[in-house]
Structures are given as structure tokens and as C-alpha cells.
1. Quick check on the stretch 1-103: what does the Kirkwood estimate of hydrodynamic radius come out to from the alpha carbon pairs, in Å?
2. Under a crude label model (7 Å from the Cα following the beta-carbon direction), how far is residue 198 from residue 63 in nanometres?
3. Be a star and scan the stretch 86-126 for residues whose amide nitrogen sits under 17 Å from the point 7 Å along the Cα-to-Cβ vector of residue 72.
4. Run the helix sum for the chain: -39,500 (n - 2.57) per DSSP H stretch of 4+ residues, divided by residue count, reported at 222 nm to the nearest 500 deg cm²/dmol.
5. Quick one: what are the phi-derived ³J(HN,Hα) couplings along the stretch 72-84, Karplus 6.51/-1.76/1.60 with θ = phi - 60°, whole Hz, x for glycine and proline?
6. Determine the relative contact order of the stretch 9-147: mean sequence separation of Cα pairs under 8 Å and six or more apart, normalised by residue count, in whole percent.
7. Work out how much length residue 80 to residue 41 would gain on full extension: take 0.36 nm times their residue separation and subtract the Cα-Cα distance, in nm to one decimal.
8. How would you rank 15, 66, going from fewest to most other Cβ atoms within 10 Å of each one's own Cβ?
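Read-outs throughout are calculated quantities, based only on the coordinates presented, and are distinct from any laboratory measurement. This is a predicted model, so every value here is computed, not measured. Here the Cβ is made from the backbone with ideal geometry for all residues, glycine too, and neighbour counts use every protein chain on show.
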Amino acid sequence: MAKLKIGVLISGRGSNLQALIDTCSTPDFPAEIVLVLSNIHGVMGLERAAKAEIPTAVIDYTEFESREAFDQEMSEVLEAGGVEFVFMAGFLRLLSDPFVERWYDRLVNIHPSLLPAFKGLNVHPRIIEEGARFSGCTVHFVRPALDDGPIIVQACVPVHQDDTPDVLAARVLEQEHVIYPMALKLIAERRVRVADELAVIEDPTYPSQSLINPAN
Ligand code: GRF
């Protein structure tokens with residue numbers, strides 16, 4: 001089977017991008033990253049892509065008069081680059097409905113909480129303020145509503161009483177770098193399908209549908 005051609009959307013540091021790059025570099029991996037697209041110039045993720053000799057593009061959203069026009073340009077650049085499936089990795093722009101429709105079930109995101117809890121930005125201080133005992137991260141298909149859509153993979157981590165937001169973020173990020181490659185592998189092997197707005201994983205060896213609990 002041909003390798004699935006992946007585009008990755010970034011806005012910054014790109015540590016999740018790096019995890020995806022590293023995974024794709026394993027022999028016979030069923031996906032390849034064909035384009036990394038940033039909405040901001042000069043970010044570290046672009047350097048990571050260049051180092052891995054992956055084509056990059058920057059589309060500066062300040063040059064577009066509307067969200068729809070910016071998103072249209074993104075779609076065209078992704079398609080011109082041969083992208084079949086899009087991974088958002090720290091992409092800090094809300095997407096317009098037409099973009100989500102165009103990439104429906106071919107667009108995933110990673111979010112640093114156990115969705116559907118704690119949607120939106122700045123999750124870790126809120127999780128600590130609420131006294132949650134567990135947090136984690138979620139890979140999900142993207143839908144028009146923010147941080148909504150069928151859940152593919154989750155990992156959970158404990159929240160300790162003396163955690164600061166930064167300490168908790170680091171614990172969660174470590175798991176992000178485990179589950180995003182895992183989701184990529186499942187998707188590239190065509191083992192994920194959406195039925196009744198739930199992501200179904202066709203893999204009898206896969207643990208408890210979609211949960212890794214590092215505490216086990
Ligand atoms: C991650 O925490 C991700 O879950 C969130 O944005 C952050 C991006 O980090 N969507 P990085 O750019 O991948 O290092």
C-alpha cells in the first residue's frame with residue numbers, strides 16, 4: 001500500500017511535529033510527511049522540518065482579509081503539495097467551517113486535556129484550579145466546534161497537589177509524544193474509521209479501544 005501523505009500544521013515549537021517526523025523515519029512506516037505548513041514565520045517547527053528535509057510553507061495570516069481566504073490558501077497549498085491527511089500540531093488558528101468540511105475525517109488535532117473536559121486555551125492552570133486528579137491528552141478528528149470531534153487516542157496522567165501549570169504541561173506533553181505517533185500509525189494503516197461520530201479502531205491488539213494509562 002502507498003504511504004499516506006501527511007501535511008502538518010504548526011504555529012510554534014513543533015515538539016509534536018518532531019515526534020511525528022521521528023516516527024515516519026522508522027523503516028517501512030506507512031506514512032510520510034510531505035509538507036509542514038506554518039502560519040508564522042521563523043518558528044522552531046520550521047527548523048525541525050528543514051533539518052528533516054521536509055518541504056515547508058509559511059502562510060502569514062495577517063496578509064489575508066478573512067479567515068476563509070486564509071484557509072482557502074492553506075487548502076490549495078496542502079493539495080498542491082500532495083497532502084492527503086492533515087495533522088494539526090500546535091496550530092493556533094481557529095479553522096473556518098469550509099476548511100473543516102474540505103478535510104472532513106482527514107484532519108486531526110492533539111489537545112492537552114482529556115476531552116471533552118477542558119476545551120480551549122490555557123488548560124493546565126484551569127485543571128489545577130478545579131482540583132482535577134487526572135489530566136491527559138487527546139487526539140481527535142476535527143469538527144467545526146472548538147476541540148470537538150471523534151476521539152481516536154487518549155492518555156491520562158495524574159495531577160499532583162504541588163503541580164504548577166508548567167510541571168503538569170510537561171507531564172502531559174510527554175504523553176502527547178506517545179499518542180500522536182500512535183494515532184498516526186493507526187490512521188496510516190487505515191485502521192481508524194468514523195461511525196456515528198465515534199472513531200472506531202480496527203485493531204484487536206489495541207489496548208481498551210483508545211486509552212493508555214501510564215499508571216498501569
Ligand atoms: C501541545 O501541547 C498541543 O497539545 C497543543 O499545543 C501544544 C503544541 O506543542 N495543541 P508543540 O508545538 O507540538 O511543541
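1. 13.8
2. Label at residue 198, label at residue 63, 4.6 nm between them.
3. Answer for this model: 95-103.
4. Mean residue ellipticity at 222 nm (helix-derived): -10000 deg cm²/dmol.
5. For the stretch 72-84, the Karplus curve yields 4, 5, 4, 4, 5, 5, 4, 5, 4, x, x, 5, 9 Hz.
6. Here the relative contact order equals 23 percent.
7. Gain on extension, residue 80 to residue 41, equals 12.0 nm.
8. In increasing order of surrounding Cβ atoms, one gets 66, 15.
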